[in-house]
């Protein structure tokens with residue numbers, strides 16, 4: 001038996017697994033945390049791309065950028081360097097004012 005996603009779930013990119021209830025909607029704080037971690041990951045990927053050429057020379061493999069992106073995501077998810085916390089704090093502060 002296969003599970004089929006509704007058009008709404010498919011448009012939202014939701015994965016359908018048999019026997020697994022869908023996740024409830026995230027709170028604004030959870031959404032802000034995810035956005036802040038994604039921002040930090042992009043920032044870290046840029047930093048890593050600038051650091052690596054000096055360490056490895058001019059040669060880069062085709063997967064070099066993908067490796068940097070994934071490494072940056074892992075660093076961000078495991079606590080990061082503090083950028084996500086600062087971004088989240090500012091996002092929540094701006095939502096309180098609005």
Taking the Cα atoms of region 27-97 alone, what are Rg (to one decimal) and Dmax (as a whole number) in Å?
14.6, 49
So residue 26 and residue 70, fully extended at 0.36 nm per residue minus their Cα-Cα distance, gain in nm 13.4 nm
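Where a number appears in this text, it was derived from the coordinates with a stated rule and is not lab data. The structure displayed is predicted, hence computed values, not measured ones.
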